[in-house]
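Remarks on the structure that follows.
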Amino acid sequence: MSHLLHHPFGTHGKVHEITPQSAGWRYVGFSLYRLRAGESVCEATGDREVILVMVEGKANLTGAGKDWGELGERMNVFEKTPPHCLYLPNGTDWSAEATTDCTLAVCSAPGMGGHEARRIGPDGITLTQRGEGANTRHINNIAMENEDYCDSLLVTEVFTPAGNWSSYPSHRHDEDDFPRITYLEETYYHRLNPGDGFGIQRVYTDDRMLDETMAVHDHDVVCVPRGHHPCGAPYGFEMYYLNVMAGPLRKWRFVAAPPVEHLM
């Protein structure tokens, strides 16, 4: 199995835990909880900032010394309504108590104490089309470059219709050479509709020293340490993914693969 592809540990509790140490990189962390109503979880952020994303379901959240109340609205991610999220700086802690069955994503990156805890969404998040034709997909920007919510994190959701491509034309962000390109590690948390479907993701460099093509299934995570990383949804299966990116500079600048540069 590809070292970039991570299947969930199971179907309940913490089902993913990707750290910079386990991924062999420096910035991005991602974990995922699937909780039943009444269950709770708590963590400290340590030296990392965190965005909690209520992927599905509802939970009462506390963090950074504040009770944020019940967050969450959509019971199925493919409702495509804006997500409820919570940003927490480094040096704080948080807890979540599920009020329904829920899926909670924990996105993390190095924190520098530059931003205060805050709710993100659903207000201010609008589902936006990107691309055209078979390259059409729809974006919920949670905390990208235009949203000055974080020290390091860049987080977004993408819905790719059945039969379409996404993260395409192929592009890379693996060099620290701003403004031409920025170095950003990235994780993809995938969901499929119907849930027994599959998608395809390829991660490759121009010299093909890294070149892996993976079948991704519901709740899989793909790590992108470098190179291009397009993904596709076969006809009959809709694809969602939650992206987490971080690097030395909180800017998203990329370079297209030469064969598809004209498509940009």
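Close amide H contacts of residue 84 (hydrogens built in the peptide plane, cut-off under 5 Å, sequence separation of 5 or more or a different chain): 54, 72, 73. Atom-type composition of the exposed protein surface of the chain places 49 percent of the accessible area on carbon and sulfur (1.4 angstrom probe). Taking 92, 182, 128 as the candidate residues, the one with maximal mean-square fluctuation in a Gaussian network model of the chain, Cα springs under 10 Å, is 128. The Rg/Rh ratio of segment 174-264, with Rg taken over Cα atoms and Rh as the Kirkwood radius over Cα pairs, comes to 1.00. Within the full protein context, the accessible area of residue 196 is estimated at about 130 Å² for a probe radius of 1.4 Å.
By the compact-protein rule of thumb, 2.2 N^0.38 Å, the alpha-carbon radius of gyration of segment 49-163 corresponds to a ratio of 1.09.
Under 5 Å between amide hydrogens, built in the peptide plane, is the criterion, and for residue 142 it picks out 155, 156, 157 among residues at least 5 positions away or on other chains.
In the chain, Cα pairs under 8 Å separated by at least six residues give a relative contact order of 19 percent. Length gained on full extension, residue 118 to residue 260, computed as 0.36 nm times the residue gap minus the Cα-Cα distance: 47.2 nm. Under 5 Å between amide hydrogens, built in the peptide plane, is the criterion, and for residue 9 it picks out 16 among residues at least 5 positions away or on other chains.
Each other residue within a Cβ distance under 12 Å of residue 227 adds +1 if Lys or Arg and -1 if Asp or Glu, for a net charge of -4. When only the Cβ of Lys, Arg, Asp and Glu is charged (+1, +1, -1, -1), the dipole of segment 171-235 relative to its Cα centre reaches about 200 debye.
For the chain, a simple Cβ point-charge model (Lys and Arg +1, Asp and Glu -1, everything else neutral) yields a dipole of about 200 debye relative to the Cα centre.
With an a/c value of 1.5 or above and a/b not larger than b/c for the gyration tensor axes a ≥ b ≥ c computed over the alpha-carbon atoms, segment 1-112 is described as oblate.
Note on exposure: 252, 94, 68 ranked by accessible area (1.4 Å probe, complete protein assembly) read 252, 68, 94, with the most exposed listed first. A 1.4 Å probe run over segment 1-121, with the rest of the protein chains in place, finds 43 Å² accessible per residue. Across all C-alpha atoms in the chain, the radius of gyration and Dmax reach 17.3, 52 Å. What segment 163-264 shows is 40 Å² of accessible area per residue, with the surface traced by a 1.4 Å probe over protein heavy atoms. Taking the dipole about the Cα centre of the chain, with the C-beta of Lys and Arg at +1 and of Asp and Glu at -1, give me whichever of 235, 71, 153 is farthest to the positive side. It is 235, whose Cα lies furthest towards the positive end.
The values are calculated or read from the model by the stated rules, or taken from the named source; none is laboratory data. All of these numbers come straight from a predicted model, not from anything done at the bench. Quick reminder, even Gly has a Cβ in these numbers, built from the backbone with ideal geometry, and neighbours come from all protein chains shown. The accessibility values were calculated without ligands, DNA or RNA, using every heavy atom of the protein model including side chains. Shrake-Rupley method; radii C 1.70, N 1.55, O 1.52, S 1.80 Å.
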